[in-house]
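Working notes for the structure below.
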Amino acid sequence: MPATDTDNKASYMKIFAAPALLVLGFALPGHAQQNTTDHNAHNNAAAPATTALSEGEVRKIDMDAKKITLRHGPIANLGMPPMTMVFQVKDPALLATVKTGDKVKFAVDKVEGAYTVIQLEPVK
């Protein structure tokens with residue numbers, strides 16, 4: 001019996017489909033790993049060295065609550081316009097480095113849902 005067009009198509013599919021699936025099998029796991037790595041890197045909190053410093057003025061310091069009130073310019077990494085607001089402080093020791101009225105440079109990031117000062121230094 002001579003081979004029909006249907007038989008030929010089935011043979012070609014068997015010949016070409018298996019290697020194509022094999023290639024995809026090797027390519028996709030690496031791609032998935034890359035996306036996972038990028039996603040995890042994005043979720044890590046930004047280190048102070050990578051967060052741009054904003055400028056502000058200390059309006060109030062609350063050592064007991066570990067908070068600082070700053071009148072600040074734009075905070076680029078948060079897309080925040082200039083305003084006066086109260087921030088939590090990641091390290092309470094930062095509060096001892098400034099006093100009310102000081103001009104400061106600082107970095108803020110969102111930590112556990114709260115805007116938190118992660119770096120603070122007086123302007124000299």
**region 88-123 - residue that is over 14 Å from residue 70 (Cα atoms) and in a strand (DSSP E or B) and, of those, farthest from the chain's Cα centre (by Cα)** = 114
**Request:** Could you tell me which numbered condition residue 66 fails, if it satisfies all but one of (1) open to solvent by less than 50 Å² (accessible area, probe 1.4 Å); (2) of a type outside the set (A, V, I, L, M); (3) on the phi > 0 side of the Ramachandran plot?
**Result:** (1)
**Request:** Test residue 89 against the stated conditions and say whether it is at pLDDT 95 or above and open to solvent by less than 70 Å² (accessible area, probe 1.4 Å).
**Result:** yes
**Complete:** Here the residues within region 70-86 that are aliphatic (A, V, I, L, M), surrounded by fewer than 13 Cβ atoms within 10 Å (Cβ to Cβ) and part of a strand (DSSP E or B) are 83
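The values are calculated or read from the model by the stated rules, or taken from the named source; none is laboratory data. Every value quoted in this text rests on a predicted model; they were computed, and no experiment measured them. So basically every Cβ, Gly included, is an ideal-geometry build from the backbone, and we count neighbours across all protein chains shown. The protein model used for the area step is the full one, side chains on, heavy atoms only, and it has no ligands, DNA or RNA in it. Shrake-Rupley method; radii C 1.70, N 1.55, O 1.52, S 1.80 Å.
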